[in-house]
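The values are calculated or read from the model by the stated rules, or taken from the named source; none is laboratory data. These numbers were taken from a predicted model, which means no experiment stands behind them. Neighbour counts are summed over all protein chains in view; Cβ atoms, including those assigned to glycine, are modelled from backbone coordinates with ideal geometry.
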Amino acid sequence: MTCESATGYVPFTADLGDSWGEVGLGGTWQVTDTGYLFADVDYTWSFNGDETSWNSKVGMRWNW
């Protein structure tokens, strides 16, 4: 598989055949009548111990 970057194609591989675990924590907080701040962080690992990753998101949401 390849992925295109600004300087051309970059080959990469991903082996997702192992068993994986994930834990995460997040929340949403109302900051105005229609605005909400959200944030979360997740940690993922393969059970064989070879692979780990962190993921996080922070953002705003408005309802109208």
Quick check on my filter: what residues within the stretch 33-47 are of a type outside the set (Asp, Glu), more than 13 Å from the chain's Cα centre (by Cα) and more than 11 Å from GLY21 (Cβ to Cβ)? THR34, GLY35, TYR36, LEU37, PHE38
Do the conditions hold for VAL10, that is, is it of a type in the set (Val, Ile, Thr) and at pLDDT 95 or above? no
Please verify whether ASP50 is of a type in the set (D, E, K, R) and at pLDDT below 85, treating the condition exactly as stated. yes
Over the stretch 42-64, the set of residues acidic (Asp, Glu) and either surrounded by fewer than 10 Cβ atoms within 10 Å (Cβ to Cβ) or part of a strand (DSSP E or B) (or both) is ASP42, ASP50
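Mind listing just one residue for me: the one in the stretch 15-41 that is among the aliphatic types (A, V, I, L, M) and in a loop (DSSP other than H, G, I, E, B) and, of those, nearest to TRP64 (Cα to Cα)? Walk me through it before giving the result.
To start, the set of residues in the stretch 15-41 that are among the aliphatic types (A, V, I, L, M) comprises 16, 23, 25, 31, 37, 39, 41.
Right, trim to in a loop (DSSP other than H, G, I, E, B) and you get 16, 31.
Numbers: LEU16: 40, VAL31: 14 Å.
That would be VAL31.
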